[in-house]
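Shown next, in structure tokens, is the structure this report addresses.
The values are calculated or read from the model by the stated rules, or taken from the named source; none is laboratory data. Quick caveat: nothing in here was measured; it's all calculated off a predicted structure. We place every Cβ from the backbone using ideal geometry, glycine too, and count neighbours over all the protein chains shown.
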Amino acid sequence: MDGSCRRSLRRSPILARICHEFWQELPLRAGSLHREEYDAFYLAMCQAIAPGVPRETVQAAMDADWEADVLGAEVMSREAFSVAMFELADLWCHTTEAAEYTNFLDMLLRHYR
């Protein structure tokens, strides 16, 4: 995918709004996402995206993604969460069209709620 399109999408106000809506739905503690809540959220996203994936496979991906997403921190910040959600959409969307990313993240948000 074109890097400049992806950078532009990353700063999109629409995607920022969706990430903010997600953040508002999460069970935060002291304004951060802790590992236990991240795991529950991750499992919900896996059910929406790839139901039926074996638990061991999900657990391995979840462990690796947590480490990559928090960059050594104990908890996940709002900014780190937004980056992770963009990366998730970037991975699953076939184009760099804002509408596709928006639709994908909206579907996940509806599933999570």
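Return yes when ALA60 is modelled with pLDDT under 95 and not polar (S, T, N, Q) and no when it is not. Break it down stepwise before answering.
Details: modelled with pLDDT under 95: no; not polar (S, T, N, Q): yes.
The answer is no for ALA60.
Step by step: first the residues of region 49-74, then only those that are within 21 Å of ASP106 (Cα to Cα) and surrounded by fewer than 15 Cβ atoms within 10 Å (Cβ to Cβ), then the one that is nearest to the chain's Cα centre (by Cα). Which residue is that?
ALA50
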